[in-house]
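The values are calculated or read from the model by the stated rules, or taken from the named source; none is laboratory data. Remember, predicted model here, so these are calculated numbers, not experimental data. Please note: Cβ atoms are built from the backbone with ideal geometry, for glycine as well, and neighbour counts cover all protein chains shown. Please note that ligands, DNA and RNA were not included when accessible areas were found on the heavy atoms of the full protein model with its side chains. Shrake-Rupley method; radii C 1.70, N 1.55, O 1.52, S 1.80 Å.
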Amino acid sequence: MKTTTLVLAGSLLWATCCWAADVRMTIEPALISLLDRAVLKVEFIDCKGDALDIPAMDGLDIQYRGPQSKYNFVNGKTSSSITHTYLVTPSKVGDYTIGPVSAKFTGGQKELSAKLRVIKKADDQEAQQLSELMFSEISSSREAPHVHEPFDLELNVHIRDGIQIDGNFSIRGGMPETGLDGDLEWRIAGRDRKEINGSIFNVYTLTTTAKTLTAGTFSFRPEVQLNVVIPRQQRRSWGFDDPFFGDMFGRQETRPYILECNELKVEVRPVPINGRPDSYTGGVGVFDFGVEVSPRKVKAGEPITIRMRISGRGNLEKITPPTLEDDHNFKLYDARSVATQNPNEIRFEQVVIPKSDVVTNIPPISFSYFNTKTTDFRTITQGPFPVMVEAAPQQAAQVIATMPSTISQKTEILGRDIVYLKPLPKRWKNTADTAWHRTTGFKILLALPALLVGVVAVATLRRNTLANNVALARRQQAPKAARKHIQRAEAALRKQDSTLFYEAMWDALAEYFGHRLNLAPGEVTLPAVLARVDDDSGAIETLFNTIEQRRYGFGDRHDDSKALLDQLTATMRKCERMKR
């Protein structure tokens, strides 16, 4: 009996709880002007419930702000609620119905909705259509630019006088996703005041420079987001349970808005194929071209530096260096880019080495580009540049003077050996001591003259051989000639002087192979060496290319200097073991 009573009491209590559980949606206030706000609440009474996913609506921005729990104890009865709060910001006038949305709670499920009306008041300058208060316009400096040609975009943001903003602008979208050369960097270029349809607007001008990688039609309709500052003491408050209760004490509030903007379509044309000169290196714009050559007086085998400067407006970073025509009288190195402080120019340097004194000038250099103002190709030619080249000294190829042998051997007969008979000693001695004339030292002393004669003969023969064979003489001088330059390179490496280091390395390389292969100074080149030395050709080619490039400032000159020096000494040791 007692068990049945408890079951009935529990069932009644459960039914009572289920009957008390409920969920409701409210919005306060339900009537607002355009730049006002409303608070949407979903309240779960005596039950638990999660926040609802409110669908997006055109003209309303609905943001979830968080939950709030409440407990009440009145006349011995306890009640509780969980309230999920949403902030509703209108951008258009009109009548809105939020929902219906389905809310699940303990005891059931319920469809919820709320109505909001946004009005336009004649006596409230703020309560107008947003597009009448704030909007943006975009325009371009070029109607039909070419590929790689820079063109300016200007974005004018109009804010009606009396509306306060925090001055921060951001572009949220509406720009081409592909085809642009890099990201657009907008900057505020100025501020002005204009009258539009009888109203005063503050106009902020934002500019950027765009370039495209391909031809075609590009659409620009930027979504400009800004923050409007609204003094909260001039607005409504909804009681102490309002999440924005603190604003009633005079604090300001910022609200983000995305402005409407017109659509700008830019037709980008390709650079023509017909009429392109051979000297065209990709320039699109309007440019000037200048060339400097120094020094103008050198010896054969010494470098001459060509300095080129291209300035103007266009795709400077896409231009490759103008090329110098191949000439068998020159050794040409690839041009390299040189840093400059002027953003409207680029600089290049190229090293050329005259091979002989027949060179009288540096050939002319041409730079061609596509002129976007005249829409045709233009070519600027500088030079030729007269130079004076002297013959290289031949001191490293001097012939060792022949020295005739002056040694003559004369044999003088002094007489015949006489052997004397010794008298019989009075007493015989038996001793283990060796006589002085039978010692090893005395025998070596007797052989010393013959040894000296042999050494003199060999030295004389070697000297005569070297005197009559210059190639052999230079070959034997090669290690010594290179060793002094290697010592210079080691000293420069300790001082971390890369310029002196690579000069000494080149001198060691040139001196060694010049003597080793009997080559004149101007003839020590990589092809000449590889034609005579087929062993370890890869290491020799690496040495020549690396040392020669870094000697004139190309590449990294610090990372592997010690390894390069070790490779040079190892290569010379291998070459010394060659029979040729």
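Residue-by-condition table, conditions (1) aliphatic (A, V, I, L, M); (2) closer than 29 Å to residue 375 by Cα; (3) modelled with pLDDT of 90 or more; (4) part of a loop (DSSP other than H, G, I, E, B):
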position	(1), (2), (3), (4)
194	no, no, no, no
200	yes, no, no, no
207	no, yes, yes, no
225	no, no, no, no
242	no, no, no, yes
248	yes, no, no, no
266	yes, yes, yes, no
278	no, yes, no, yes
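Take the residues of segment 353-384 that are surrounded by 14 or more Cβ atoms within 10 Å (Cβ to Cβ) and among the aliphatic types (A, V, I, L, M): which is nearest to residue 142 (Cα to Cα)? Going through the qualifying residues, I end up with 380. Residues in segment 32-71 that are of a type in the set (Gly, Ala, Ser), more than 15 Å from residue 96 (Cα to Cα) and open to solvent by 20 Å² or more (accessible area, probe 1.4 Å): 51, 69. Within segment 256-268, residues that are charged (D, E, K, R) have Cβ atoms under 8 Å from residues that are not in a strand (DSSP E or B) in these pairs: 260/130; 260/131; 263/221; 267/143; 267/144, counting only partners at least 6 apart in sequence or on another chain.
Residues that are among the small types (Gly, Ala, Ser), outside any strand (DSSP E or B) and open to solvent by less than 60 Å² (accessible area, probe 1.4 Å) within segment 86-111 comprise just one, 91.
Against the criterion of being of a type in the set (A, V, I, L, M), open to solvent by less than 20 Å² (accessible area, probe 1.4 Å) and in contact with an Asp or Glu (Cβ under 8 Å, 6 or more places away or on another chain), residue 504 does not qualify. Annotation note: Cβ proximity below 9 Å between a residue of segment 367-390 that is closer than 21 Å to residue 346 by Cα and a residue that is charged (D, E, K, R) and not in a strand (DSSP E or B) (sequence gap 6+ or interchain) occurs for 368/276; 368/278; 370/149; 370/276; 372/142; 372/149; 377/276. Can you work out which of the residues in segment 270-281 that are of a type outside the set (Val, Ile, Thr) and surrounded by 15 or more Cβ atoms within 10 Å (Cβ to Cβ) is nearest to residue 150 (Cα to Cα)? Within segment 270-281, the match that is nearest to residue 150 (Cα to Cα) is 280. Counting the residues of segment 457-485 that are open to solvent by 70 Å² or more (accessible area, probe 1.4 Å) and either closer than 16 Å to residue 576 by Cβ or in contact (Cβ under 8 Å) with a residue 40 or more places away in the chain (or both) gives 6.
Scanning segment 137-165 for residues that are open to solvent by 20 Å² or more (accessible area, probe 1.4 Å), touching a helix residue (DSSP H, G or I) at 6+ places or on another chain (Cβ under 9 Å) and assigned to a strand (DSSP E or B) gives a single hit, 160.
For segment 166-179, the set of residues classified as assigned to a loop (DSSP other than H, G, I, E, B), in contact with a Phe, Trp or Tyr (Cβ under 9 Å, 6 or more places away or on another chain) and not aliphatic (A, V, I, L, M) consists of 174, 176, 179, listed by residue number. Once segment 131-154 is narrowed to residues that are under 30 Å from the mean Cα position of the chain (by Cα) and among the aliphatic types (A, V, I, L, M), the residue that is nearest to residue 265 (Cα to Cα) is 153. If the condition is being crowded, with 18+ Cβ neighbours inside 10 Å, of a type in the set (A, V, I, L, M) and within 18 Å of residue 578 (Cβ to Cβ), then segment 509-550 contributes 509, 517, 519, 524, 529, 533, 540, 543.
Residues checked against (1) modelled with pLDDT of 90 or more; (2) small (Gly, Ala, Ser); (3) closer than 24 Å to residue 544 by Cα:
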residue: 300; (1), (2), (3): no, yes, yes
residue: 307; (1), (2), (3): yes, no, no
residue: 330; (1), (2), (3): no, no, yes
residue: 345; (1), (2), (3): yes, no, no
residue: 364; (1), (2), (3): yes, no, no
residue: 368; (1), (2), (3): yes, yes, no
residue: 374; (1), (2), (3): no, no, no
residue: 382; (1), (2), (3): yes, no, no
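Looking at segment 343-352, can you tell me whether even one residue there is among the basic types (Lys, Arg), in contact (Cβ under 8 Å) with a residue 24 or more places away in the chain and surrounded by 15 or more Cβ atoms within 10 Å (Cβ to Cβ)? Yes, segment 343-352 contains at least one residue that is among the basic types (Lys, Arg), in contact (Cβ under 8 Å) with a residue 24 or more places away in the chain and surrounded by 15 or more Cβ atoms within 10 Å (Cβ to Cβ). Would you confirm whether any residue within segment 118-137 is among the small types (Gly, Ala, Ser), modelled with pLDDT of 85 or more and closer than 22 Å to residue 226 by Cβ? Yes, segment 118-137 contains at least one residue that is among the small types (Gly, Ala, Ser), modelled with pLDDT of 85 or more and closer than 22 Å to residue 226 by Cβ. Of the helices (runs of 4 or more DSSP H) lying entirely inside segment 439-518, those containing at least 1 residues that are within 36 Å of the chain's Cα centre (by Cα) are 470-494, 498-516. Annotation note: Cβ proximity below 6 Å between a residue of segment 524-552 that is of a type in the set (Phe, Trp, Tyr) and a residue that is open to solvent by less than 50 Å² (accessible area, probe 1.4 Å) and assigned to a helix (DSSP H, G or I) (sequence gap 6+ or interchain) occurs for 544/526.
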